[in-house]
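A.B. asks: The structure is given below, and queries will be raised subsequently.
The values are calculated or read from the model by the stated rules, or taken from the named source; none is laboratory data. This one's a predicted model, so the numbers in the text were calculated from it and none came from an experiment. Cβ atoms come from the backbone with ideal geometry, glycine included; neighbour counts cover every protein chain shown.
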Amino acid sequence: MFKTRIVALAGALLALSVPLAEAKTFYWISHGSPADPVWTYFLAGVRQWQQDTGHEVNTSFHNGDVASHQEAVRVAIATGAAGIVTSSPDPGSLVQVAKEANEANIPIINMNTPDPTASFDAYVGGDLVAVGRQWAQYLVDKGLVESGDFVWMPVEVPGATYGVQEEQGVASVFEPLGITWEVTDATLDQAEAIARMVDYVTANYDKIDAIIGLGDLVTGSIKRVFDQCGVAPGEIPVVGWGNSLDTTQEVLAGYVNAAQWQDPQATSYVALSLAAMAASGIPPGFDVITGMLYEADKAQLYDDILSKE
């Protein structure tokens, strides 16, 4: 199994697990779509945190719309939020609003998609460059791709932070080996994503040696795509994200070789805890890196976790 480092302060989180004396309002802002199954699990972490602490959390989704996302952060600042937790829709897109939060003395915690160019107080989530590198290295180490091969990498939102950074990690492994790849747009609508993916596989089946799904929605659509295209499980090696029941089932059934668990509930819970800690005058001073690449032998564990929601 491949693991990224996990940094945690259990004592601090335990202290925040009991209701605080005064309820405060925090903002949780996502670049994603509520139609993307993985965000259901991020929201589950928000709900649990609210229940455990008694604080209020205003949540919003922005479907990759940078201007809307920026405006949501500014609304949180204008209303005097106790703290803000936000993903990053595009590299550099939240630099100015993060600065505005700093100037207003409002903690702003980055989750899910990191952007070190912005002045966030901390980051909670995966190291996306490392994740991309793990996927590529897995395919190489397992003998599933070699020099001269071609890898298809579908993504929901081309140019978004997560895909850009994951591709950087993939490139660091593939470029020296002479392995080529292509990133294609699949959109955030699953039906449309499946249709586009089916079209791509149909047109390019003979040249695809492996697939890396750069997002949960596309990786979770592999079985439907393969079934429609007449591709048998395991016929084309696949790695990618694994934060949905669709993907855990695909790993168990052999459609996906290995998938990345992101700890979605924990990501929201820990990020909000850090925001609350900072609001109480204790600056985080550290990031929390989550994630694990799992194969069929561990897939049932994550399937059970996701089935509880």
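A.B. asks: Given the criteria part of a loop (DSSP other than H, G, I, E, B) and assigned by TED's automatic domain parsing to the domain that holds residue 223, does residue 172 qualify? Explain how you work it out, then say what you get.
C.D. replies: Numbers: part of a loop (DSSP other than H, G, I, E, B): no; assigned by TED's automatic domain parsing to the domain that holds residue 223: yes.
So residue 172 fails the test.
A.B. asks: Can you tell which of 281, 230, 240 is surrounded by fewer than 20 Cβ atoms within 10 Å (Cβ to Cβ) and in the same structural domain as residue 184 (by TED's automatic domain parsing)? Even if it seems obvious, please write down each step before you answer.
C.D. replies: Working: 281 fails: in the same structural domain as residue 184 (by TED's automatic domain parsing); 240 fails: surrounded by fewer than 20 Cβ atoms within 10 Å (Cβ to Cβ).
None of the other options fit; the residue is 230.
A.B. asks: Scanning for something at pLDDT below 95, under 18 Å from residue 169 (Cβ atoms) and surrounded by 24 or more Cβ atoms within 10 Å (Cβ to Cβ), does region 91-110 turn up at least one residue?
C.D. replies: There is no residue in region 91-110 that is at pLDDT below 95, under 18 Å from residue 169 (Cβ atoms) and surrounded by 24 or more Cβ atoms within 10 Å (Cβ to Cβ).
Matching residues to (1) over 22 Å from residue 44 (Cβ atoms); (2) modelled with pLDDT under 95; (3) crowded, with 18+ Cβ neighbours inside 10 Å; (4) not small (Gly, Ala, Ser):
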{"site": "267", "(1), (2), (3), (4)": "no, no, yes, yes"}
{"site": "275", "(1), (2), (3), (4)": "no, no, yes, no"}
{"site": "299", "(1), (2), (3), (4)": "no, no, yes, no"}
{"site": "302", "(1), (2), (3), (4)": "no, yes, yes, yes"}
{"site": "309", "(1), (2), (3), (4)": "no, yes, no, yes"}
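A.B. asks: Among the candidates 252, 245, single out the residue that is farther than 16 Å from residue 157 by Cβ and within 18 Å of the chain's Cα centre (by Cα). Talk me through it step by step, then tell me what you get.
C.D. replies: On the way: 252 fails: within 18 Å of the chain's Cα centre (by Cα).
From the options 252, 245, the qualifying one is 245.
A.B. asks: Looking at 258, 271, 299, which one is free of Cβ contacts under 8 Å to residues at least 60 places away in the same chain and among the small types (Gly, Ala, Ser)?
C.D. replies: Details: 258 fails: free of Cβ contacts under 8 Å to residues at least 60 places away in the same chain; 271 fails: free of Cβ contacts under 8 Å to residues at least 60 places away in the same chain.
After ruling out the rest, the residue left standing is 299.
A.B. asks: Next up: Enumerate the pairs (first residue in region 33-49 and not assigned by TED's automatic domain parsing to the domain that holds residue 88; second residue anywhere and at pLDDT 85 or above and assigned to a helix (DSSP H, G or I)) with beta-carbon separation below 7 Å, excluding pairs fewer than 6 apart on the same chain, so at least 6 apart or on different chains.
C.D. replies: So the pair list comes out empty.
A.B. asks: Next question, about the same structure. Do you know which of the residues in region 235-283 that are of a type in the set (Phe, Trp, Tyr) and part of a strand (DSSP E or B) is farthest from residue 145 (Cα to Cα)?
C.D. replies: Kept after step one, since they are of a type in the set (Phe, Trp, Tyr), are these residues of region 235-283: 241, 255, 261, 269.
Retained after the next criterion (residues that are part of a strand (DSSP E or B)): 241, 261.
Working: 241: 19, 261: 23 Å.
Once the filter is applied, the top-ranked residue is 261.
A.B. asks: While we're here: Which residues, taken from region 177-217, are crowded, with 20+ Cβ neighbours inside 10 Å, without any contact (Cβ under 8 Å) to a residue 40 or more places away in the chain and in a strand (DSSP E or B)?
C.D. replies: If the condition is that a residue be crowded, with 20+ Cβ neighbours inside 10 Å, without any contact (Cβ under 8 Å) to a residue 40 or more places away in the chain and in a strand (DSSP E or B), then 181 is the only one that fits.
A.B. asks: Residue under question is residue 247, and the condition is that it be at pLDDT 95 or above and among the β-branched types (Val, Ile, Thr); does it hold?
C.D. replies: Details: at pLDDT 95 or above: yes; among the β-branched types (Val, Ile, Thr): yes.
Criteria met by residue 247.
A.B. asks: A further question on this structure: What do you reckon, is residue 272 in the same structural domain as residue 60 (by TED's automatic domain parsing) and touching a helix residue (DSSP H, G or I) at 6+ places or on another chain (Cβ under 8 Å)?
C.D. replies: The answer is yes for residue 272.
A.B. asks: Additional query: Under 29 Å from residue 84 (Cβ atoms) and not polar (S, T, N, Q): which single residue out of 271, 296 fits that description?
C.D. replies: On the way: 296 fails: under 29 Å from residue 84 (Cβ atoms).
Answer to the selection: 271.
A.B. asks: Right, something else. Out of 113, 86, 117, which single residue is of a type in the set (Ser, Thr, Tyr) and surrounded by fewer than 23 Cβ atoms within 10 Å (Cβ to Cβ)? Before you say what the answer is, go through the steps one by one.
C.D. replies: Numbers: 113 fails: surrounded by fewer than 23 Cβ atoms within 10 Å (Cβ to Cβ); 86 fails: surrounded by fewer than 23 Cβ atoms within 10 Å (Cβ to Cβ).
From the options 113, 86, 117, the qualifying one is 117.
A.B. asks: Those residues that are out of contact with any strand residue (DSSP E or B) (no Cβ under 9 Å at 6 or more places or on another chain) and of a type in the set (A, V, I, L, M), I need them from region 39-93; list them, please.
C.D. replies: Once the filter is applied, which keeps residues that are out of contact with any strand residue (DSSP E or B) (no Cβ under 9 Å at 6 or more places or on another chain) and of a type in the set (A, V, I, L, M), region 39-93 yields 44, 66, 67, 78.
A.B. asks: Tell me the helices (runs of 4 or more DSSP H) entirely within region 58-144 that contain at least 1 residues that are touching a residue at least 60 places away in the same chain (Cβ under 8 Å) and assigned by TED's automatic domain parsing to the domain that holds residue 175.
C.D. replies: Details: elements: 66-78, 95-103, 128-141.
It comes to 128-141.
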